[in-house]
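Notes follow the structure.
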Amino acid sequence: MKSSFIKIQKLIIGALIFSGMLGIVSCGKGGEEENPSTITMEKDGSVHARIVENFEKEYYDAGELQQSVLEQAASYNRSAGSGNIAVEKVESDEGTITVEMTYAGAQDYAVFNRAVFFAGTPGEAEEAGYNLNVVLSGVKDVQETVGKSDIFAMEGCKILITNIKEGISLNGKALYVSEYVTAASDARKIWYNGDEHGLAYVVYK
């Protein structure tokens, strides 16, 4: 039981909410199915994560979990030299754990959660080492496709690159997406349903 507690605690602390971790997955069907866990990209560049998971009470202690989350965030902030991560909520209610955290930027989210989570211009993505030699399909018209040169030619657009299999609310509207990415009807939220070792590409504005 102790081993299970440690695994669950690490899951929540790290906010590792993309599918495949310890067998806990999101709805996995994409589209607009409701899932309480979500990541929101704010206009100021910050990232808000809300993780909601159900666990049997014997596998966790809410007080210890809260203390561990705060310690993990404090350790990261000391290393970063500033308060890049804010823990806003850690609570339990009848076997449901809810954790809410705000990260100063996408890079902080990526490092803390050991995930791929890049948001910026195509030029910044290339400088960061991401391969933009990809083919993306239009959200409004899937028959319309764009490649690397087209992506760089899009004025004012940004690109999200991630392997997170959770709903992500964009600070804009998705225009073009890679395979296995589904956009909401208003194009303001996306889901990635591909292999966890693959990457989702989303051009948004």
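Across segment 66-82, which residue is nearest to D93 (Cα to Cα) among those that are assigned to a helix (DSSP H, G or I) and of a type in the set (S, T, Y)?
In the first step, residues of segment 66-82 are kept if they are assigned to a helix (DSSP H, G or I); the result is 66-80.
Next, from what is left, pick out any that are of a type in the set (S, T, Y): 68, 75-76, 79.
Values: S68: 18, S75: 27, Y76: 27, S79: 32 Å.
Taking the candidates together, the pick is S68.
Just to check your reading of the model, which residue among L16, L65, L22 is of a type outside the set (V, I, T), buried (at least 16 other Cβ atoms within 10 Å of the Cβ) and either in contact with a Pro (Cβ under 8 Å, 6 or more places away or on another chain) or modelled with pLDDT under 50 (or both)?
L16
Mind listing whichever residues of segment 190-205 are farther than 21 Å from E155 by Cα and not aliphatic (A, V, I, L, M)?
Those that are farther than 21 Å from E155 by Cα and not aliphatic (A, V, I, L, M): W191, Y192, N193, G194, D195, E196, H197, G198.
Restricting attention to segment 89-100, does a residue exist that is modelled with pLDDT of 80 or more and among the basic types (K, R)?
Yes, some residue in segment 89-100 is modelled with pLDDT of 80 or more and among the basic types (K, R).
Suppose we filter D150, D195 for residues that are out of contact with any strand residue (DSSP E or B) (no Cβ under 7 Å at 6 or more places or on another chain) and at pLDDT below 95; which single one remains? Spell out how you get there, then give the answer.
Details: D150 fails: at pLDDT below 95.
When all the criteria are applied, what remains is D195.
What do you reckon, is T121 closer than 15 Å to Y204 by Cα, at pLDDT 95 or above and in contact with a Cys (Cβ under 9 Å, 6 or more places away or on another chain)? Write out each step before concluding.
Values: closer than 15 Å to Y204 by Cα: yes; at pLDDT 95 or above: yes; in contact with a Cys (Cβ under 9 Å, 6 or more places away or on another chain): yes.
When the stated conditions are applied, T121 passes them.
Are there any pairs, at least 6 apart or on different chains, whose C-beta atoms fall under 9 Å, with the first in segment 40-65 and within 17 Å of M101 (Cβ to Cβ) and the second modelled with pLDDT under 85 and acidic (D, E), and if so, which?
From residues that are within 17 Å of M101 (Cβ to Cβ), the pairs are A49/E166; I51/E166; A62/E91.
Output yes when any residue across segment 87-96 is assigned to a strand (DSSP E or B), within 24 Å of A184 (Cβ to Cβ) and of a type outside the set (K, R), and no when none is.
As a first pass, look at segment 87-96 and keep what is assigned to a strand (DSSP E or B): 87-93, 96.
After this cut, where a residue has to be within 24 Å of A184 (Cβ to Cβ) as well, the list is none.
No, that holds for no residue.
Out of segment 163-179, which residues are touching a residue at least 60 places away in the same chain (Cβ under 8 Å) and not hydrophobic (A, V, I, L, M, F, W, C)?
Filtering segment 163-179 down to residues touching a residue at least 60 places away in the same chain (Cβ under 8 Å) leaves 163-171.
Hits for segment 163-179 are N163, K165, E166, G167, S169, N171.
Please determine whether any residue of segment 141-152 is within 14 Å of the chain's Cα centre (by Cα) and not polar (S, T, N, Q). So that I can check it myself, show each step before the final result.
From segment 141-152, those within 14 Å of the chain's Cα centre (by Cα) are none; that's our starting set.
No - not one qualifying residue is present in segment 141-152.
If you scan segment 128-146, which residues turn out to be small (G, A, S) and surrounded by fewer than 14 Cβ atoms within 10 Å (Cβ to Cβ)? Before the answer, list the steps.
Residues of segment 128-146 small (G, A, S): 128-129, 137-138.
Listed by number, the residues that qualify are A128, G129.
If V139 satisfies every condition in (1) out of contact with any helix residue (DSSP H, G or I) (no Cβ under 9 Å at 6 or more places or on another chain); (2) closer than 30 Å to S79 by Cβ; (3) β-branched (V, I, T) but one, which is the exception?
With respect to (1) out of contact with any helix residue (DSSP H, G or I) (no Cβ under 9 Å at 6 or more places or on another chain); (2) closer than 30 Å to S79 by Cβ; (3) β-branched (V, I, T), V139 is out only on (2).
Select from segment 189-205 the residues that are out of contact with any Phe, Trp or Tyr (no Cβ under 7 Å at 6 or more places or on another chain), assigned to a strand (DSSP E or B) and either of a type outside the set (D, E, K, R) or under 17 Å from T145 (Cβ atoms) (or both) and list them in ascending order.
Selection gives I190, W191, Y201, V202, Y204.
The values are calculated or read from the model by the stated rules, or taken from the named source; none is laboratory data. Small disclaimer: the values here were computed from a predicted structure and weren't measured. Note that each Cβ is placed from the backbone with ideal geometry, even for glycine, and that neighbours are counted across all protein chains shown.
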